[in-house]
Amino acid sequence: MPTGYESGKTWSPIGAQPAVSTSAASRVWTMNEVASYVSAGTWPPVLEFVFDPIATHTFDGSTASYTFTSIPQTYADLRLITKTAVSGSHSNDYHVAVQINGDTGSNYRYYYSYIYSYSTQSSGGSGASRWLVGMNFGSTTLPYTCIMDMPDYSSSDNVPAFTSRYGQTSLDTGTNAYNRTGWASGSFEGTIAAVTSLTVGTMGYGSSNYPNGTTATLYGMGTAS
Amino acid sequence: MAVGDQLQFVGEVQGDGSANSLTISDIPTDSQSFILTGIAAHVHSSYSSDLVVRFNNDSNTRYRWTQYLSSWGGNPAVGQYQTSYITIVAVPPNTLNSGKARSWFYAEFWNLSQKSTSPGSPSMMAEVGGKNNTTGDTPYSGMQGCGSYVYSDGAPTGTDVTSLTFTLTAGGAFTAESKLRLYKRPTS
């Protein structure tokens with residue numbers, strides 16, 4: 001028989017239990033006790049609280065990209081939230097671009113759309129060196145956000161892929177300064193592997209560093225199966 | 001979702017190469033706001049299949065939804081539908097791209113439970129990406145499956161939606177790599 005329980009303690013049943021006629025039981029868990037044996041029956045699933053910030057990077061205005069390394073493989077899905085700070089000194093818009101596993105080869109395919117000035121525009125890339133997940137950031141007055149999700153990123157069986165949505169105002173002024181909202185998706189065409197690192201940056205568009213105060217936060221969701 | 005919200009993992013269903021439908025059941029009724037993520041392909045020699053969802057497995061024509069899909073090299077597909085399901089995304093056959101082709105999505109659900117604070121029809125939206133029968137990756141992206149299980153079309157009021165059933169309309173099976181995961185926000 002396993003040990004680790006105490007006798008003679010007042011106890012309360014957890015969940016459905018047979019009726020008892022005494023306030024004392026012969027087997028009671030104690031605080032901080034570690035189980036050595038489990039029931040042969042089916043245990044209810046653990047209710048998990050899982051929307052965990054893995055890491056946050058704040059750009060200081062001097063760099064155009066940042067790499068999250070050693071991404072835990074314990075989550076089911078990843079989320080990357082990039083919040084660009086306002087910028088009065090940039091002459092160009094900049095994108096939110098992403099590479100995985102340090103791969104700079106022509107292995108990225110993506111497609112995006114956005115609503116702009118009462119019309120929709122869409123385009124994409126294949127054989128690209130990065131995904132574009134958020135388009136034309138760079139407001140002088142408003143910070144903007146791009147939310148990117150990667151399902152099943154830790155799998156070695158599924159193609160790394162993402163969906164994203166974003167809102168932004170370009171650096172254009174006057175009648176061209178329309179707000180935009182849009183979305184994108186993409187997949188990786190290189191060798192399939194679990195995503196262990198993720199680089200976020202402007203990556204060649206607009207020759208800009210991210211403004212000081214721009215943040216990129218990586219979250220883990222769920223539990224890998 | 002606000003940063004810092006605690007997201008609870010409700011459950012996952014995974015294909016096995018033979019099942020045409022997957023059901024997430026016992027959905028909690030103490031929240032009205034859920035997130036569903038998924039990646040999928042189906043077992044077929046040549047054709048893609050629509051991945052659709054039904055609330056409480058109700059197969060009556062009680063769903064209305066819209067789409068805006070941007071396709072590679074083509075005009076956006078825009079439409080609105082009244083059907084016996086809500087289409088989320090077309091998933092590719094597992095023969096495509098040497099078996100690597102997938103479709104994927106991020107979806108949100110609201111009003112699944114009948115809390116008095118939000119008595120609207122059970123609703124959802126999905127942001128999708130992926131492939132159909134074409135050989136290239138990511139031939140489309142956009143929003144699809146944005147719609148409701150509509151009371152005025154006969155969806156029962158006063159009933160919690162406690163299960164979501166996902167089916168491939170072409171009749172094929174979900175591949176073993178197909179995974180659908182549901183998360184619950186702690187509050188509505």
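Values in this text are rule-based calculations from the coordinates and carry no lab data. Note that the coordinates shown come from a computational prediction; the quantities given were computed from them, not determined experimentally. Neighbour counts run over all protein chains shown; Cβ positions are idealised from the backbone, glycine included.
Figures for the structure shown
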item: Translational diffusion of the range B:11-118, µm² s⁻¹ [Kirkwood Rh, Cα pairs; Stokes-Einstein; 25 °C; 0.890 mPa s]; result: 154 µm²/s
item: Alpha-carbon centroids, the range B:48-116 and the range A:124-154: separation in whole Å; result: 23 Å
item: Neighbour-count ranking [beta-carbon atoms within 10 angstrom, fewest first] of A:Ser70, A:Ser187; result: A:Ser70, A:Ser187
item: Estimated dipole of the range B:104-180 in Debye, rounded to 20 [Cβ of Lys and Arg +1, of Asp and Glu -1, Cα centre]; result: 60 debye
item: Whole-number percent relative contact order across chain B, with pairs defined as alpha carbons under 8 Å at least 6 apart; result: 40 percent
item: Lysine pairs with alpha-carbon atoms under 18 Å apart, the range B:30-188, spacing 8 or more or separate chains; result: 4
item: For the range B:43-102: rounded, prolate or oblate by the Cα gyration tensor [a/c cutoff 1.5]; result: oblate
item: Inter-label distance for B:Asp26 and B:Asn133, nm, one decimal - labels placed 7 Å from Cα along Cα-to-Cβ; result: 4.1 nm
item: Pair-distance profile P(r), taking every C-alpha pair of chain B, with 5 angstrom steps and integer %; result: 1, 9, 17, 21, 20, 16, 10, 5, 2, 0, 0
item: Gain on full stretching of the segment that runs from B:Tyr151 to B:Ser18 - 0.36 nm per residue minus C-alpha separation; result: 44.5 nm
item: Calculated FRET efficiency for the pair A:Ser106/A:Thr63, C-beta based, R₀ 25 Å, to 0.05; result: 0.55
